[in-house]
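The values are calculated or read from the model by the stated rules, or taken from the named source; none is laboratory data. Predicted model, so just to flag it, every value in this text is computed and none were measured. Cβ sites come from the backbone with ideal geometry, for glycine too, and all protein chains shown count toward neighbours. Side chains included, ligands, DNA and RNA excluded: accessible areas come from the protein's heavy atoms. Shrake-Rupley method; radii C 1.70, N 1.55, O 1.52, S 1.80 Å.
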Amino acid sequence: MSARRPELTTTSTTARRPWWATAVTYQVYPRSFADSTGDGIGDLRGITSRLDHLVDLGVDAVWLSPIYVSPMADAGYDVADYRDVDPLFGTLADADALIAAAHERGLRLLMDLVPNHTSSAHRWFVSALAGAPGSEERARYLFRDGRGAGGSEPPNNWRSVFGGPAWTRVTEPDGRPGQWYLHLFAPEQPDLDWSDPQVRAEMGSVVRFWLDRGVDGFRVDVAHGLVKADGLPDWHADAPAASAAPDADGARPPMWDQDGVHEIYREWRSVVDGYDGDRVLIGETWAEQDRLSRYVRPDELHQTFAFALLQAPWDAAALRRGISDSIATAHEVGAAPTWVLSNHDVVRHPTRLALSGVADLLSGVLPTDPQPDPALADRRGRAASLMMIALPGAAYLYQGEELGLPEHTTMPASARQDPSFFREEGRIAGRDGARVPLPWSADEPGAGFGPGGATWLPPPDGWERHAADVQARDPGSTLRLYRAALALRRRLDLGGGALTWAEGFGDDVVAFSVSTPDSSVLVLATTGEPVRLPDGGEVALSSTEIMGGLLPADSCVWIVREPTS
Ligand code: GLC
């Protein structure tokens, strides 16, 4: 077995600890959480009506994916009006009611801020199209003249994360083919130019608008993308469009993780700190591991998602490395580590962990791809979740993972909605498989998603087996495992604990203790052979039944030990 140095987290339990340092935050994807109207699309009243599910689950905060006015070219990540709610989801009054209802229950509520791009239906972009090249209206976006004869080639060779070129040519008001504008995502998501003072002022004002309404902070979308390298230089045409990895010479992609983004976060941090010191900014930063800590320096974002576990295969060494790296990164700058296994952009983790060789997590799984073994997916998913919930720091759950939902891997092309499926012309599945509406009640049509049973994406066969009402009654269910794990995490204050690697369990086991002044929990997760449990301590939770003192393969156990002091 390779030698591993014991490693400690140092979240102090004595100093005043901000709530977010140890919080468990639940991501609500509003389209797919709960529908109150029967149109098959989730909405704010649906969320409010199901808040008690989140209280019973035992989370501390809710992050809402975008609810703003949007043509929904990218499911709301294309915002046309940052200060109002899309009628599909309800009204501003419904949002106020949701914020109040969450707070009454002791839940914090985070919004999703989308600052990298607006919708092409945003009034700014509409006036940019009507404006002339070089006009003030165009300066808020990245309009450029094309290359080649008559400007008929895009200004550079960048590709969209959703496939195809990252540039679209406009028709000028006089009817002639004109300039091009940059969109790192869909053409309906034009990138803003963050060197424009109006852009900065406007987004700061949007931040204040929602903080004034009482939200507890923001998840910042594409936080590593706002600033582009001067001159928008070409990049390697064969590099994956979403990757922030440097090339062989150490040069970094000109569209991601530019140093200029940090100034923006310093500005927002001072806005947020101007409230009551209790509001938080968490960045979606797909940057390289060794660059992540820069985002969470004391005067920048409070947290950044660590995608190390979300990207790790079901392999103990890879999981240990992911945990070590994330802790080390956070501690470089005194931030709390964060953990996430699933979100609305990637293959749900039970399915992902049961598939070897899913090359690209953002690609989804097509019906023609190798299919996962459902029992293995369930088993590994539960084990990974139990392991993650024990880790010190902040944890982020994606709706439905508490029900052990798998990815929908057999969705027909005719039902798909994700722009990446269409931009890639069906070569990849895209993200719809992770976005299927939640099953609430097994015996109701549409598994109780809303009245009448309509769902905007069709569920896979057997979806009702995962329904929350069935699982609430079954002591062996994944929902009950999550509830028990979150309750014990809270009672023992594991989020504020210190992690030490445990030796002697073999290479195929992720083995660590989490200690607080009052207790110590030994966590063992085995990705390989069964493991004999050590003597002493009490088995508090396990993801699979333990028999004869053996932890079966693909399982995780928490063993609570005597007080450490
Ligand atoms: C983020 C969101 C994703 C969206 C993209 C563009 O990665 O999580 O859903 O498509 O940004 O806004």
Residue list for segment 365-389, restricted to those being hydroxyl-bearing (Ser, Thr, Tyr) and surrounded by fewer than 24 Cβ atoms within 10 Å (Cβ to Cβ): 368
Number of positions in segment 281-293 that are farther than 20 Å from residue 116 by Cα and not in a helix (DSSP H, G or I): 0
Residue selected from segment 526-565 under the condition in contact with a Ser or Thr (Cβ under 7 Å, 6 or more places away or on another chain), of a type in the set (Gly, Ala, Ser) and in a strand (DSSP E or B), by the criterion nearest to residue 503 (Cα to Cα): 555
Single condition residue 208 does not satisfy, out of (1) part of a loop (DSSP other than H, G, I, E, B); (2) in contact (Cβ under 8 Å) with a residue 60 or more places away in the chain; (3) open to solvent by 30 Å² or more (accessible area, probe 1.4 Å): (1)
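Quick grid of which residues meet (1) more than 16 Å from the ligand (Cβ to nearest atom); (2) over 30 Å from residue 481 (Cβ atoms); (3) open to solvent by less than 40 Å² (accessible area, probe 1.4 Å):
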residue	(1), (2), (3)
73	no, yes, yes
90	yes, yes, yes
97	yes, yes, no
152	yes, yes, no
Residue in segment 99-119 that is farthest from the chain's Cα centre (by Cα), counting only those that are more than 17 Å from residue 279 (Cβ to Cβ) and more than 16 Å from the ligand (Cβ to nearest atom): 104
Residue selected from segment 294-329 under the condition assigned to a helix (DSSP H, G or I), within 18 Å of the chain's Cα centre (by Cα) and small (Gly, Ala, Ser), by the criterion modelled with the lowest pLDDT: 308
Among the candidates 160, 195, 205, residue that is of a type in the set (Ser, Thr, Tyr) and within 16 Å of the ligand (Cβ to nearest atom): 160
Residues located in segment 281-306, provided they are surrounded by fewer than 20 Cβ atoms within 10 Å (Cβ to Cβ) and touching a helix residue (DSSP H, G or I) at 6+ places or on another chain (Cβ under 7 Å): 289, 293, 299
Sole residue being open to solvent by 10 Å² or more (accessible area, probe 1.4 Å) and at positive phi, chosen from 250, 163: 250
Single residue of 351, 368 found to be away from the ligand (no atom under 16 Å from the Cβ), of a type in the set (Val, Ile, Thr) and within 24 Å of residue 33 (Cα to Cα): 351
Test result for residue 427, farther than 19 Å from residue 454 by Cα and more than 12 Å from the ligand (Cβ to nearest atom): yes
Failed item in (1) hydroxyl-bearing (Ser, Thr, Tyr); (2) more than 24 Å from residue 242 (Cβ to Cβ); (3) part of a loop (DSSP other than H, G, I, E, B); (4) free of Cβ contacts under 8 Å to residues at least 24 places away in the same chain, with residue 414 passing the rest: (3)
Qualifying residue in segment 354-364 (condition: touching a residue at least 12 places away in the same chain (Cβ under 8 Å), buried (at least 22 other Cβ atoms within 10 Å of the Cβ), within 16 Å of the ligand (Cβ to nearest atom) and not aromatic (Phe, Trp, Tyr)): yes
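Quick check on residue 415: is it hydrophobic (A, V, I, L, M, F, W, C), open to solvent by 10 Å² or more (accessible area, probe 1.4 Å) and either touching a helix residue (DSSP H, G or I) at 6+ places or on another chain (Cβ under 8 Å) or under 16 Å from residue 523 (Cα atoms) (or both)?
Yes; evaluated as a whole, the condition is true for this residue.
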Some residue of segment 169-180 being among the hydroxyl-bearing types (Ser, Thr, Tyr) and more than 16 Å from the ligand (Cβ to nearest atom): yes
Residue within segment 273-280 that is open to solvent by less than 20 Å² (accessible area, probe 1.4 Å), touching a residue at least 24 places away in the same chain (Cβ under 8 Å) and either under 24 Å from residue 155 (Cα atoms) or in a strand (DSSP E or B) (or both) present: yes
Segment 331-342, residues that are in contact (Cβ under 8 Å) with a residue 60 or more places away in the chain and either of a type in the set (D, E, K, R) or open to solvent by less than 10 Å² (accessible area, probe 1.4 Å) (or both): 337, 341, 342
